[in-house]
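Trainee: First the structure, then my questions, so here it is.
All of the numbers you see were taken from the coordinates with simple rules; none came from a lab. Note that the coordinates shown come from a computational prediction; the quantities given were computed from them, not determined experimentally. In this analysis, Cβ positions are derived from the backbone assuming ideal geometry, glycine residues included, and neighbour counts consider all displayed protein chains.
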Amino acid sequence: MACPNVATDQITMLKTARERTGAGYDSNYSITSPIYMSDLQRISGGNSSGSGNSYPAVNTLNPINNRPDGENPLQFSEFSEYNQNVTRTAFMYVYDNSSSSSACNAAIPEGPYFHTDVNNLVPDSGGGTYTAYTTISGSAHPANGYYAIYSNDNIPTATGKWIQIGNNGSILSVGNC
């Protein structure tokens, strides 16, 4: 299980350390003291601040709002819904219900959305080969329409691609903006 949403639940350092090892937030995995926040938040992983455990690199497949940025000030809120074992890439997007050109010409991306491409790249084909989701677990689909795709970086950048999503999240077509 991933870290809880900090807006609705309490988050603890010990359980966050367990999640960062990949064992799961609610696991009983044994963590060696001490636990330093700087080691938990270090993007490259490790334990150079002196934590008893060495942590893997932060999983950057998590949406940007659900992962630490490694910068001061260090805050637990950066771990809200963080999942060390996430396997789907988050992408930002601009949505339009009527045309790809309108989606590509809009300015401010939102998101994230996720899809089933095993390489975690923007899909290169449509025809229902891939499925899009609004949740990392794959439990909900986005609205039908056109999506200009952006990266999931601190400053999202346009990929130059759009996708058309149909019923049940099916990616019907892919094109260039």
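Trainee: So what is the diffusion coefficient of the range 91-176 in µm² per second by Stokes-Einstein at 25 °C and 0.890 mPa s, using a Kirkwood Rh over Cα pairs?
Mentor: 198 µm²/s
Trainee: How much net charge surrounds SER48 when only other residues with a Cβ under 12 Å from its Cβ are counted (Lys, Arg +1; Asp, Glu -1)?
Mentor: With Lys, Arg at +1 and Asp, Glu at -1, the net is 0.
Trainee: From the backbone phi of the range 60-74, what are the Karplus-calculated ³J(HN,Hα) couplings (6.51 cos²θ - 1.76 cosθ + 1.60, θ = phi - 60°) in whole Hz, Gly and Pro given as x?
Mentor: Listing the rounded values in order: 7, 6, 5, x, 4, 7, 10, 8, x, 9, x, 9, 6, x, 7 Hz.
Trainee: Suppose a student asked you for the relative contact order of the range 1-86, using Cα pairs under 8 Å spaced at least 6 residues apart; what percent would you report?
Mentor: Reported relative contact order: 31 percent.
Trainee: Run the numbers on the chain and let me know its relative contact order in percent, using alpha-carbon pairs under 8 Å that are six or more apart.
Mentor: 16 percent
Trainee: Can you quote the Å³ per residue value for the convex hull of the Cα atoms in the range 1-86, rounded to an integer?
Mentor: Enclosed volume per residue, from the Cα hull, is 81 Å³.
Trainee: How large is the helix-only mean residue ellipticity at 222 nm for the chain, computed as the sum of -39500 (n - 2.57) over DSSP H runs with n ≥ 4, divided by its residue count, in deg cm²/dmol to the nearest 500?
Mentor: My calculation for the chain gives -2500 deg cm²/dmol from helical runs alone.
Trainee: Which loop GluC sites (Glu not before Pro) in the range 61-121, with loop taken from DSSP, have no more than 15 other Cβ atoms within 10 angstrom of their Cβ?
Mentor: Passing both the DSSP loop test and the Cβ count: GLU71.
Trainee: Sort SER38, SER33 by Cβ crowding within 10 Å, fewest neighbours at the top.
Mentor: SER33, SER38
Trainee: I've got another one for you. Work out the charge dipole of the range 1-116 with +1 on the Cβ of Lys and Arg and -1 on the Cβ of Asp and Glu about the Cα centre, then indicate which of ASN28, GLN41, MET1 is farthest towards its positive end.
Mentor: Positive-end residue among those listed: ASN28.
Trainee: LEU74 to THR134: FRET efficiency via 1/(1 + (r/R0)^6), r the Cβ-Cβ distance, R0 30 Å, to the nearest 0.05?
Mentor: Efficiency, rounded to the nearest 0.05: 0.55.
Trainee: Another one. Rule-of-thumb check for the chain: C-alpha Rg over 2.2 N^0.38 Å?
Mentor: 1.14
Trainee: Here is a follow-up. Starting from the Cα of VAL6, step 7 Å along the direction of its Cβ; do the same at THR32; then give the gap between the two resulting points in nm.
Mentor: Computed distance between label sites VAL6 and THR32 equals 2.8 nm.
Trainee: Hey, another quick one. State, as an integer percentage, the relative contact order of the range 91-176 based on alpha-carbon contacts under 8 Å between residues 6 or more apart.
Mentor: Averaging sequence separation for qualifying contacts and normalising by length gives 32 percent for the range 91-176.
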